[in-house]
Every structure is written in structure tokens, then in C-alpha cells.
Amino acid sequence: MDNTENRSGRGIGLAVIAASLAILFTCGFLTALVGIDFGPHEEIAMSLTPGDPVGMFKAHPEPLWHLMTYFTVRILHCNVQIAAGLVSGLLIALTYIAAYFIIRREVPGLESYEAAALDLALHLAGAIYVPFFNKEPYLGQGTPNIWHNPTTIAVRPIALLVFVLVGSMIMKAREEDFENGIPVGRGVLTGFLLVLSCLAKPS
């Protein structure tokens, strides 16, 4: 009976994860078609010169999302808007997967479907537009989930992993009364992710 229940719980969890990924990918993809910041970033993506990295970085120092979009256009031979949607949707899905495993690890006792549903809720959390409070939706009504800006979408999975890595290193150092140094592997990984985060959005 326990094995049947475990299999059932895992099946429900996988179904919630699959549905959540489909929802979030679709949201990211459609946002790229209507988001106010995407047009200028798509123009930047198609103006990049990967063959001249020095000139490229001089022209645009945060090219991670743009490079992914540029190469998606070149590989799939698709419209830049479609490429932007694919890249953004996949980045949001990647953030969801990373957050799911972090939640499962840090909140023991949650069933997989509970972690998956909580993860989806956190990804969809946002400010409610209250025009009598502020008629500008992006000012004074901040949200943890920025959809309109592709570079923010690009940095989110990286920033999430950096936050968790740094937090775990600090907690371990505190447990050891700060007598030992940072583990080399984690330090190198964190450094690599921080470089990626600067290439995505150095804010």
C-alpha cells in the first residue's frame, strides 16, 4: 500500500511539474510577443557581432540573453520574436526547476506535488495593479517576478543559485565558528555564476 501511495504521489508531483512548466513557458513565450522591453532587446540581439567579442562587449556589456536569442535565430532560422519567446520561456522554466529542487531540499516533509504547486505560486506572485494608488504599473507596485524585461528573466535562475550557494556557505561557516575557509568547489562555482550574472544583467 505504501509503495502504491508513493508512486501515486510521485505521479501527481510529475503532473503538477509538467503543467507548471507548460504554464510558465507559455507565459514567458507570450510575454516576449507583447512585452514593452522586448523590441529594443531583440534589435540589440540581431546587431551583435559574436565574431568580434571585444567590439560586441564594447557595444553591449550584458549580452547573455541577446546571444542566446541570436543563436536561436541562426540555428532554428526563425523570426527574432519567436526566438526571444523560446529563450525567455526556457529560462523561466529553468528557474522553476531550480527552485523546485531547492524547495524540496530546504523544506523537508513537503510532498513533490506540494513543492511543485508552491513553486508555481511563487513564480506567479506579483503586484496587483491598483490604478487609484498608482496609475503606473511598474512604479510603486513592485513584484518579485518581472516579466517585461528579458535581461531580468535571464539573470533570475543564476541569481537564485548564487543566493542558495552563498547562504549555504555562510551557514556552514557559522556552524564551524568561521574557522574553515570556503570549500574550493563551491567558491569556484559561485564565482562562475557571478560572472554569468554580470553577463546577464550587471545590476
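Between a first residue in segment 86-101 that is under 13 Å from Asn149 (Cα atoms) and a second residue that is of a type in the set (Val, Ile, Thr) and surrounded by 21 or more Cβ atoms within 10 Å (Cβ to Cβ), which pairs have beta carbons less than 6 Å apart while being 6 or more apart in sequence or on different chains?
Qualifying pairs under 6 Å: Val87/Thr69; Ser88/Ile153; Leu91/Ile153.
How many of the residues in segment 1-27 are at pLDDT below 90 and either part of a helix (DSSP H, G or I) or within 29 Å of His41 (Cβ to Cβ) (or both)?
Total meeting the criteria: 11.
Filter segment 28-61 for residues that are outside any helix (DSSP H, G or I) and touching a His at 6+ places or on another chain (Cβ under 7 Å); which is surrounded by the fewest Cβ atoms within 10 Å (Cβ to Cβ)?
So, considering only residues that are outside any helix (DSSP H, G or I) and touching a His at 6+ places or on another chain (Cβ under 7 Å), the one surrounded by the fewest Cβ atoms within 10 Å (Cβ to Cβ) is Ile36.
Tell me which residues, restricted to segment 8-17, are open to solvent by less than 50 Å² (accessible area, probe 1.4 Å) and free of Cβ contacts under 8 Å to residues at least 60 places away in the same chain.
Gly11
Met171 is checked against (1) surrounded by 14 or more Cβ atoms within 10 Å (Cβ to Cβ); (2) outside any loop (DSSP other than H, G, I, E, B) and fails just one. What number does that condition carry?
Going through the list (1) surrounded by 14 or more Cβ atoms within 10 Å (Cβ to Cβ); (2) outside any loop (DSSP other than H, G, I, E, B), Met171 breaks only (1).
Please identify the pairs in which a residue from segment 160-175 that is over 15 Å from Tyr96 (Cα atoms) has its Cβ atom under 8 Å from the Cβ atom of a residue that is modelled with pLDDT under 90 and open to solvent by 90 Å² or more (accessible area, probe 1.4 Å), counting only partners at least 6 apart or on another chain.
Between residues of segment 160-175 that are over 15 Å from Tyr96 (Cα atoms) and residues that are modelled with pLDDT under 90 and open to solvent by 90 Å² or more (accessible area, probe 1.4 Å), the close pairs are Met169/Ile182; Ala173/Asn180; Ala173/Ile182.
Looking at the structure I just gave you, is Gly187 open to solvent by less than 40 Å² (accessible area, probe 1.4 Å) and of a type outside the set (D, E, K, R)?
For Gly187, the condition - open to solvent by less than 40 Å² (accessible area, probe 1.4 Å) and of a type outside the set (D, E, K, R) - is met.
From the list Ile182, Ile170, Ile128, which residue is at pLDDT below 90 and under 23 Å from Ser203 (Cβ atoms)?
Ile170
Going by the structure shown, is Ser20 among the hydroxyl-bearing types (Ser, Thr, Tyr), out of contact with any Cys (no Cβ under 8 Å at 6 or more places or on another chain) and loosely packed, with under 12 Cβ neighbours inside 10 Å?
No; evaluated as a whole, the condition is false for this residue.
Hey, among the residues in segment 74-101 that are more than 15 Å from Phe29 (Cβ to Cβ) and not basic (Lys, Arg), which one's most open to solvent (accessible area, probe 1.4 Å)?
His77
Just to be sure before I move on: is Arg74 closer than 29 Å to Ala117 by Cα and of a type in the set (D, E, K, R) in the structure I sent?
no
Which members of segment 102-125 meet the condition of being open to solvent by 10 Å² or more (accessible area, probe 1.4 Å), small (Gly, Ala, Ser) and under 19 Å from the mean Cα position of the chain (by Cα)?
The answer is Ala117, Ala121, Ala125.
Which count do you get for residues in segment 86-101 that are more than 13 Å from the chain's Cα centre (by Cα) and more than 19 Å from Leu193 (Cα to Cα)?
Final tally of qualifying residues: 1.
Looking at (1) open to solvent by 70 Å² or more (accessible area, probe 1.4 Å); (2) free of Cβ contacts under 8 Å to residues at least 40 places away in the same chain, find the lone condition where Gly181 falls short.
Tallying (1) open to solvent by 70 Å² or more (accessible area, probe 1.4 Å); (2) free of Cβ contacts under 8 Å to residues at least 40 places away in the same chain, Gly181 fails exactly one: (1).
Every residue, every condition in (1) outside any loop (DSSP other than H, G, I, E, B); (2) among the polar types (S, T, N, Q), yes or no:
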position: Ile82; (1), (2): yes, no
position: Ile103; (1), (2): yes, no
position: Leu120; (1), (2): yes, no
position: Asn134; (1), (2): no, yes
position: Thr152; (1), (2): yes, yes
position: Leu160; (1), (2): yes, no
position: Phe178; (1), (2): no, no
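The values are calculated or read from the model by the stated rules, or taken from the named source; none is laboratory data. Since we're looking at a predicted model, the values are computed, not measured. Cβ sites come from the backbone with ideal geometry, for glycine too, and all protein chains shown count toward neighbours. SASA here: full protein model, heavy atoms, side chains in, ligands and nucleic acids out. Shrake-Rupley method; radii C 1.70, N 1.55, O 1.52, S 1.80 Å.
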